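The structure under discussion appears below in the form of structure tokens.
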Amino acid sequence: MADLLRVDNIESSYGASQVLFGISIEVGVGEVVTLLGRNGMGKTTTVRSIMGLMQPHAGEIHFKGEAIHAEPSYKVAQAGLGLVPEGRQIFPNLSVYENLVATAANRGDKAEPWTIEKIFDLFPSLAERQTNAGNQLSGGEQQMLAVSRALMTNPDLLILDEATEGLAPLIRDDIWRVLGELKSAGQSILVIDKNVDALTRIADRHYIIEKGKVVWSGDSEALKQDEDLQHRYLGV
């Protein structure tokens with residue numbers, strides 16, 4: 001499988017505090033890959049480094065064969081990466097519809113790009129709320145909107161940081177349904193979440209991060225079978 005994203009031995013820091021110590025991960029075309037680990041282990045910093053929100057001081061990041069580790073975040077986004085950030089970060093004073101069209105683009109000239117109509121088919125509740133402002137939505141609706149806004153950029157790789165954190169069970173199920181549908185449609189996805197059962201159902205491969213290093217990688221079957229591994233690195 002051809003690499004879409006390749007992260008090679010990156011090291012990233014916040015000031016004098018180093019967080020990542022040689023992280024290497026890969027996402028192939030059409031793959032769903034996860035970053036797992038307890039809070040504070042470097043998952044979000046890895047995503048921020050990929051997205052150009054912070055630049056690693058060592059290592060390289062390649063996307064579709066091109067180096068992006070020294071590029072600003074807007075260039076990274078234009079290259080075809082779509083981020084659903086932790087905390088959603090939707091535009092609170094814009095309507096659902098305005099949120100969706102604000103950053104919509106089809107820079108890759110996809111034959112069947114995402115449209116408002118397709119988004120509303122994916123998340124029917126957003127169609128009902130399309131004139132409501134972002135700050136009038138529930139947390140679950142805001143997450144649906146954040147996912148939809150990222151899809152409207154027609155990304156080659158969709159990245160979700162804490163895909164279902166803090167959401168009600170029915171909303172979580174809806175997010176997992178959508179991610180499953182996106183995978184079936186061939187969308188490449190990199191996802192951070194804590195729901196191992198759901199992730200092993202839809203993901204192809206997993207990376208576990210501990211103190212800024214990848215300590216394990218493997219497929220869903222291997223992760224499901226190794227309860228000691230889950231307890232050691234993922235247990236509360």
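Readers should treat all values here as calculations from the given coordinates under stated rules, not as data from a laboratory. Everything quoted here is computed from the prediction, not taken from an experiment. We place every Cβ from the backbone using ideal geometry, glycine too, and count neighbours over all the protein chains shown.
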Problem - Asn195/Thr115 FRET efficiency (R0 25 Å; Cβ-Cβ; nearest 0.05) - result: 0.25
Handout entry: Beta bridges per DSSP with both ends in the range 79-236, % antiparallel, nearest 5
Key = 45 percent
Exercise for the section: Mind telling me which of Thr45, Thr153, Thr103 comes out most flexible in a GNM of the chain, alpha-carbon contacts under 10 Å? Expected result: Thr103
Completion exercise
Checked the range 1-88 against the a/c 1.5 cut and the a/b vs b/c comparison, axes a ≥ b ≥ c from its Cα gyration tensor; verdict rounded
Completion exercise
For the chain, averaging the sequence separation of alpha carbon pairs under 8 Å that lie six or more residues apart and dividing by its residue count, the contact order in percent is 27 percent
Completion exercise
Once normalised by the length of the range 1-86, the mean sequence separation of its alpha carbon contacts under 8 Å that are 6 or more apart gives a contact order in percent of 31 percent
Problem - Glu221/Phe21 FRET efficiency (R0 35 Å; Cβ-Cβ; nearest 0.05) - result: 0.80
Practice task
Quick one: check the C-alpha center-to-center distance for the range 195-213 versus the range 113-170, whole angstrom.
Solution key: 23 Å
Problem - For the chain, calculated [θ]222 nm from helices alone, where every DSSP H run of n ≥ 4 adds -39500 (n - 2.57) - result: -9500 deg cm²/dmol
Problem - the chain: most fluctuating residue of Ser220, Ser13, Ser73 per GNM, C-alpha cutoff 10 Å - result: Ser13
Practice task
With a point put 7 Å past each Cα toward its Cβ, work out how far Leu234 is from Ala168 in nm, to one decimal.
Solution key: 2.7 nm
